[in-house]
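The values are calculated or read from the model by the stated rules, or taken from the named source; none is laboratory data. Please read these numbers as outputs of a predicted model, since none were measured by experiment. Cβ atoms come from the backbone with ideal geometry, glycine included; neighbour counts cover every protein chain shown. For the accessible areas, the whole protein counts, side chains as well, though only heavy atoms, and no ligand, DNA or RNA atoms are used. Shrake-Rupley method; radii C 1.70, N 1.55, O 1.52, S 1.80 Å.
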Amino acid sequence: MAVGIFDSGLGGLTVLEAVQKRLPEVPFVYLGDNANAPYGVRGADDVHALTEAAVKRLWAEGCDLVILACNTASAAALRRMQEAGVPEGKRVLGVFVPLIEALTERNWGDNSPPREVAVTHVALFATPATVSSRAFQRELAFRAIGVDVEAQACGGIVDAIEEGDMILAEALVRSHVDALRRKMPDPQAAILGCTHYPLVEDVFRAALGPDVAVYSQANLVAESLADYLTRRPGMMGSGTESRFLTTGDARRVSDRATQFMRREVRFEPL
Ligand code: DGL
């Protein structure tokens with residue numbers, strides 16, 4: 001039994017950490033497509049093709065259930081892959097839905113009509129590809145009415161994190177928060193809509209100030225996954241070992257991952 005976790009690079013490790021803490025008995029196979037990151041500046045077809053190849057690889061590793069721990073991949077590829085049909089016994093899930101459920105105070109599978117919710121001014125920080133897909137606004141519109149979403153395409157942050165240049169990443173966060181505030185001076189809530197951003201969450205929180213509620217995905221996804229596996233224990237797959245796979249330079253990726261996770265992480269080359 002193993003569950004696959006996919007990201008374009010290192011950001012999905014923020015999700016992996018939370019799901020491992022929530023489900024310590026479940027092995028996870030992590031795949032980072034570091035050779036092709038960042039996805040956020042690629043076109044939708046390109047992201048779809050890369051994501052589909054990675055998900056097929058994780059299915060082949062014995063992970064019947066694969067979580068796209070990447071908003072860009074979820075925005076560009078998830079619906080398309082699900083609509084095209086996944087093989088018998090396999091599943092692929094994304095990271096938007098748990099976040100939107102938390103924001104709209106809904107439970108999993110609540111398909112009642114959209115309704116008014118407590119937050120009406122929401123700032124969305126995400127990659128350029130996620131912002132231009134409008135996938136977040138679409139999923140939100142199924143569940144809530146009257147929510148004004150201002151999206152900020154945060155160019156450069158993922159590249160800086162992948163390169164380990166945290167000073168640049170932090171400076172970019174501050175400048176993207178400033179840019180958002182020029183469009184929406186008083187957001188009530190901010191969505192960190194990229195799994196790399198929890199690595200600079202403190203900087204987002206400091207720049208946004210104490211009055212803005214910050215929604216970050218990792219713990220929300222972990223709770224949803226725990227709930228899903230309780231209802232569908234058969235989806236745990238046949239793999240038995242936790243592993244880390246990368247399309248990039250395994251040594252470099254391992255060093256960065258070890259730094260971010262604050263524990264030894266060894267990636268294997270694909
Ligand atoms: N962690 C990915 C996400 O959540 C980053 C995408 C990228 O590679 O630009 O969107």
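Observations, loosely collected:
- Scanning segment 95-151 for residues that are acidic (Asp, Glu) and in contact with a strand residue (DSSP E or B) (Cβ under 7 Å, 6 or more places away or on another chain) turns up 116, 148, 150.
- Within this structure, residue 76 passes the test of being within 12 Å of the ligand (Cβ to nearest atom), open to solvent by 20 Å² or more (accessible area, probe 1.4 Å), under 20 Å from residue 194 (Cβ atoms) and of a type in the set (A, V, I, L, M).
- Exactly one residue out of 132, 112 is surrounded by fewer than 17 Cβ atoms within 10 Å (Cβ to Cβ), outside any loop (DSSP other than H, G, I, E, B), out of contact with any helix residue (DSSP H, G or I) (no Cβ under 8 Å at 6 or more places or on another chain) and among the hydroxyl-bearing types (Ser, Thr, Tyr): that is 132.
- Some residue of segment 45-68 being under 20 Å from residue 216 (Cβ atoms) and either at pLDDT 95 or above or touching an Asp or Glu at 6+ places or on another chain (Cβ under 9 Å) (or both): yes
- Residue in segment 91-104 that is open to solvent by less than 10 Å² (accessible area, probe 1.4 Å), under 15 Å from residue 3 (Cα atoms), within 14 Å of the ligand (Cβ to nearest atom) and among the aliphatic types (A, V, I, L, M) present: yes
- Applying the criterion of being of a type outside the set (A, V, I, L, M, F, W, C) and within 12 Å of residue 30 (Cβ to Cβ) to the residues of segment 255-270, the residue that is most open to solvent (accessible area, probe 1.4 Å) is 266.
- Test for residue 180: is it crowded, with 20+ Cβ neighbours inside 10 Å and farther than 22 Å from residue 15 by Cβ: yes
- The set of residues in segment 1-25 that are open to solvent by 10 Å² or more (accessible area, probe 1.4 Å) and in a loop (DSSP other than H, G, I, E, B) comprises 1, 23, 24, 25.
- Evaluation of residue 86 against (1) in a helix (DSSP H, G or I); (2) more than 10 Å from the ligand (Cβ to nearest atom); (3) more than 12 Å from the chain's Cα centre (by Cα) (one fails), failing number: (1)
- Residue within segment 220-242 that is outside any helix (DSSP H, G or I), at pLDDT 95 or above and either more than 16 Å from the chain's Cα centre (by Cα) or within 16 Å of the ligand (Cβ to nearest atom) (or both) present: no
- Hits in segment 1-18 (condition: within 14 Å of the ligand (Cβ to nearest atom) and of a type in the set (Val, Ile, Thr)): 5, 14, 15
- Consider segment 212-249 and keep the residues that are open to solvent by 20 Å² or more (accessible area, probe 1.4 Å), of a type in the set (A, V, I, L, M) and out of contact with any Leu (no Cβ under 6 Å at 6 or more places or on another chain). The one that is farthest from residue 122 (Cα to Cα) is 236.
- Tabulated pairs, segment 44-64, first in contact (Cβ under 8 Å) with a residue 24 or more places away in the chain, second exposed (fewer than 15 other Cβ atoms within 10 Å of the Cβ) and of a type in the set (D, E, K, R), C-beta under 8 angstrom, 6+ apart or interchain: 48/80
- Residues in segment 149-177 that are under 14 Å from residue 199 (Cβ atoms), open to solvent by 50 Å² or more (accessible area, probe 1.4 Å) and either away from the ligand (no atom under 12 Å from the Cβ) or in contact with a His (Cβ under 9 Å, 6 or more places away or on another chain) (or both): 163, 165, 167, 168, 170.
- Output for segment 135-174, where each listed residue is out of contact with any helix residue (DSSP H, G or I) (no Cβ under 7 Å at 6 or more places or on another chain), without any contact (Cβ under 8 Å) to a residue 24 or more places away in the chain and hydrophobic (A, V, I, L, M, F, W, C): 167, 171
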